[in-house]
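First up is the structure itself, then whatever we jot down about it.
The values are calculated or read from the model by the stated rules, or taken from the named source; none is laboratory data. Given the structure is predicted, the values throughout are model-derived calculations rather than measurements. Here the Cβ positions follow ideal geometry from the backbone for every residue, glycine too, while neighbour counts run over all protein chains shown. We work out accessible area using only protein heavy atoms, side chains counted, and drop any ligands, DNA or RNA first. Shrake-Rupley method; radii C 1.70, N 1.55, O 1.52, S 1.80 Å.
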Amino acid sequence: MKLIFRKELTFSTNQHEDLIDITREINAVISESDINNGVCNIYIPHATSGIVVNENDDPNIIIDVLSVLRKLAPKGSFLHDRIDGNGDAHVKSAIVGPSESIPFENSRLLLGTWQSVMLCEFDGPKYSRKVIVTLIG
Amino acid sequence: MKLIFRKELTFSTNQHEDLIDITREINAVISESDINNGVCNIYIPHATSGIVVNENDDPNIIIDVLSVLRKLAPKGSFLHDRIDGNGDAHVKSAIVGPSESIPFENSRLLLGTWQSVMLCEFDGPKYSRKVIVTLIG
Amino acid sequence: MKLIFRKELTFSTNQHEDLIDITREINAVISESDINNGVCNIYIPHATSGIVVNENDDPNIIIDVLSVLRKLAPKGSFLHDRIDGNGDAHVKSAIVGPSESIPFENSRLLLGTWQSVMLCEFDGPKYSRKVIVTLIG
């Protein structure tokens, strides 16, 4: 029995800020593995992005979440902006965090009915955002 | 040796917003398993709730945390409110996050003296809030 | 093969608030173990601190993150302050969270180029802040 399974996924982002539903792609990684039961670690190795779990049925929730983060960390108000103008994206990324760990069983994440896993882009658009999926079973 | 142990717990919430200490119930799951040493993943499968770790000795800390989240995401100010009036709860849930992963040893979480695990209710009261506890050892 | 490896690290903090890069020390724990591939859980057992992943190349990012958290939870404005004056530190700790879980391979965390793991001190200086590192492979 294999106890660890890892796969790196890549996503393109089209907006400067966005939340992108990656639930289907993560469930596909779980299906591809031969691990039936465990915990799935979803990790984004970028310092201006993050991983969030919430509802994606009403697309307004994405807009609501981004608007609160924008109010919390307004663009153009940071010391780091002198270097590359994306201080707000780093602060949002630090607060949201780069990972979530979610239980899975029978080839699917044990998400609630209204939960999706979403990649948070705070400094896009970016051609290539990696997400590292690691299953432990 | 069993390497994975999972149990689903259910809690009722009585207030519209609350933080409820679930440390005792999680330690009971660890005691019930035969895994002595590992990491405990605590996951809440609801999009208007969360998991937080902090002090519960002074009950004012719960009030303080909720007041900051309420200031950050004020009720009634979101696009999603047109659908079911709980946009603020979704935003708080997205920022707090649905899970924590905590090491355990000898049948207990390795919490600090002043740390408790708390279920965050942002859209209650709710008759049934599930928490999925997964031990990996 | 050992599947679990745990080590407790200790750090001193010199400022009242600070983010301290602990990436090197965590990679040293991974090197010391004989686990080649897995997930590293980094957990801080204190209720006025946290773990954040972000950039540490420009030290201004630390200042930017702390300034946003200070605006969100201003010192001296909390009910808990009547007891020991650090209500703001508890709120910051609750929002940032006490842990991160990061994949590792070949004796190193799979961090992005601009990511460091940082201990967040919100109520220092403190002589001894523990960090529990648990590897699952």
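Note on the stretch B:95-113: among residues that are of a type in the set (S, T, N, Q) and surrounded by fewer than 23 Cβ atoms within 10 Å (Cβ to Cβ), the one that is farthest from B:Glu8 (Cα to Cα) is B:Thr113.
For A:Val96, are the conditions met, namely being touching a strand residue (DSSP E or B) at 6+ places or on another chain (Cβ under 7 Å), β-branched (Val, Ile, Thr) and within 25 Å of C:Leu69 (Cα to Cα)? Spelling it out, A:Val96 is indeed touching a strand residue (DSSP E or B) at 6+ places or on another chain (Cβ under 7 Å), β-branched (Val, Ile, Thr) and within 25 Å of C:Leu69 (Cα to Cα).
Looking at the stretch C:49-66, which of its residues are over 13 Å from C:Lys130 (Cβ atoms) and in contact (Cβ under 8 Å) with a residue 40 or more places away in the chain? C:Gly50, C:Val52, C:Val53, C:Asn54, C:Glu55, C:Asn56, C:Asp57, C:Ile62, C:Val65, C:Leu66, listed by residue number. Open to solvent by 10 Å² or more (accessible area, probe 1.4 Å), of a type in the set (D, E, K, R), under 27 Å from A:Met118 (Cα atoms) and more than 9 Å from chain C (Cβ to nearest Cβ), is that true of B:Arg6? It is true that B:Arg6 is open to solvent by 10 Å² or more (accessible area, probe 1.4 Å), of a type in the set (D, E, K, R), under 27 Å from A:Met118 (Cα atoms) and more than 9 Å from chain C (Cβ to nearest Cβ).
For the stretch B:95-137, the set of residues classified as without any contact (Cβ under 8 Å) to a residue 40 or more places away in the chain and of a type in the set (Gly, Ala, Ser) consists of B:Gly112 only. Just one of the numbered conditions (1) open to solvent by 30 Å² or more (accessible area, probe 1.4 Å); (2) more than 21 Å from B:Gly97 (Cβ to Cβ); (3) in contact with a Gly (Cβ under 7 Å, 6 or more places away or on another chain) is not true of B:His46: (2).
Considering only residues in the stretch C:49-64 that are more than 12 Å from C:Phe122 (Cα to Cα) and among the aliphatic types (A, V, I, L, M), the one that is most open to solvent (accessible area, probe 1.4 Å) turns out to be C:Ile63.
A:His16 meets all of the listed conditions (1) surrounded by 20 or more Cβ atoms within 10 Å (Cβ to Cβ); (2) not small (Gly, Ala, Ser); (3) not in a helix (DSSP H, G or I) but one, namely (1). Any residue at all in the stretch C:94-107 that's more than 7 Å from every other protein chain (Cβ to nearest Cβ) and part of a strand (DSSP E or B)? Looking for residues that are more than 7 Å from every other protein chain (Cβ to nearest Cβ) and part of a strand (DSSP E or B), one finds at least one in the stretch C:94-107, hence yes.
Checked against (1) at pLDDT 95 or above; (2) more than 9 Å from chain B (Cβ to nearest Cβ), C:Gly137 passes all but a single condition, namely (1). If you go through the stretch B:19-31 and keep only what is farther than 28 Å from B:His90 by Cα and either of a type in the set (Ser, Thr, Tyr) or surrounded by 17 or more Cβ atoms within 10 Å (Cβ to Cβ) (or both), you end up with B:Asn27, B:Val29, B:Ile30, B:Ser31. Checked against the criterion of being modelled with pLDDT under 95, more than 16 Å from B:Asn41 (Cβ to Cβ) and small (Gly, Ala, Ser), the candidates B:Ser116, B:Ser93, B:Ser107 yield just one match: B:Ser107. What about C:Asp34, is it open to solvent by 50 Å² or more (accessible area, probe 1.4 Å) and assigned to a loop (DSSP other than H, G, I, E, B)? So C:Asp34 fits the description; yes. Of all residues in the stretch B:69-93, those satisfying the criterion of being at the interface with chain C (Cβ under 9 Å from one of its Cβ atoms) and either surrounded by fewer than 20 Cβ atoms within 10 Å (Cβ to Cβ) or in a loop (DSSP other than H, G, I, E, B) (or both) are B:Lys71, B:Leu72.
Would the stretch B:114-125 turn up any residue that is more than 8 Å from every other protein chain (Cβ to nearest Cβ), of a type outside the set (S, T, N, Q), surrounded by fewer than 20 Cβ atoms within 10 Å (Cβ to Cβ) and not in a strand (DSSP E or B)? Lay out the reasoning, then the answer.
Initial filter on the stretch B:114-125 (more than 8 Å from every other protein chain (Cβ to nearest Cβ)): B:116-125.
Now narrow it down to the ones that are of a type outside the set (S, T, N, Q): B:117-125.
When the remaining residues are screened for being surrounded by fewer than 20 Cβ atoms within 10 Å (Cβ to Cβ), the result is B:124-125.
If we keep only those that are not in a strand (DSSP E or B) as well, we get B:124-125.
Yes, the stretch B:114-125 contains at least one residue that is more than 8 Å from every other protein chain (Cβ to nearest Cβ), of a type outside the set (S, T, N, Q), surrounded by fewer than 20 Cβ atoms within 10 Å (Cβ to Cβ) and not in a strand (DSSP E or B).
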